[in-house]
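Before any comments, here is the structure.
The values are calculated or read from the model by the stated rules, or taken from the named source; none is laboratory data. Since we're looking at a predicted model, the values are computed, not measured. Using ideal geometry, Cβ is built from the backbone for each residue, glycine included, and neighbour counts are taken over all protein chains shown.
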Amino acid sequence: MALTQAQKRHLRKLAHALKPVIIVGNAGVSASLLQELDATLEHHELIKVRVNGEDRAARQAMIVELCDKSRGELVQTIGHVAVLYRRAEKPRLQLS
């Protein structure tokens, strides 16, 4: 599901007060991290992920991998923090 700009703007507002719940270390994306990400997205729908990478290109590659493997949508990236959204089977958030 592709998000519209209005939906992304709404999700950015909701994510503003959130703290990162998933932290990707220098080891990168592992199978256990992907399982935790999947469970967290199913429960919360909207999360912040902190990506500790050496440089910008490495961080961006990890974020793209997280989105692809979790079937999530990238809402926003600021520095080391990315906001991901994936609609749950029983949605909690209302999108316009």
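If you take the residues in the range 78-96 that are part of a strand (DSSP E or B) and touching a helix residue (DSSP H, G or I) at 6+ places or on another chain (Cβ under 8 Å), which one is farthest from His44 (Cα to Cα)?
Applying the filter and picking the extreme gives Ala82.
Is there a residue in the range 50-57 that is out of contact with any helix residue (DSSP H, G or I) (no Cβ under 8 Å at 6 or more places or on another chain), part of a helix (DSSP H, G or I), under 14 Å from Arg87 (Cα atoms) and not aliphatic (A, V, I, L, M)?
no
Cβ-Cβ below 7 Å, separation at least six or inter-chain, first residue in the range 1-25 and without any contact (Cβ under 8 Å) to a residue 40 or more places away in the chain, second in a helix (DSSP H, G or I) and not aromatic (Phe, Trp, Tyr): which pairs?
These pairs meet every condition: Val21/Thr40; Ile22/Glu36; Ile22/Leu37; Ile22/Thr40.
Can you tell me which of Glu65, Glu36, Glu73, Glu45 is touching a strand residue (DSSP E or B) at 6+ places or on another chain (Cβ under 7 Å), charged (D, E, K, R), surrounded by 14 or more Cβ atoms within 10 Å (Cβ to Cβ) and at negative phi?
Going through Glu65, Glu36, Glu73, Glu45 in turn, just one is touching a strand residue (DSSP E or B) at 6+ places or on another chain (Cβ under 7 Å), charged (D, E, K, R), surrounded by 14 or more Cβ atoms within 10 Å (Cβ to Cβ) and at negative phi: Glu73.
So which pairs qualify, if the first residue must be in the range 52-76 and modelled with pLDDT under 95, the second must be among the β-branched types (Val, Ile, Thr) and surrounded by fewer than 14 Cβ atoms within 10 Å (Cβ to Cβ), the Cβ gap must be under 9 Å, and the two must be at least 6 apart or on different chains?
Going by the 9 Å Cβ cut-off, the qualifying pairs are Asn52/Ile23.
Where residues in the range 1-24 are outside any helix (DSSP H, G or I) and farther than 15 Å from Ala82 by Cβ, which of them is modelled with the lowest pLDDT?
Met1
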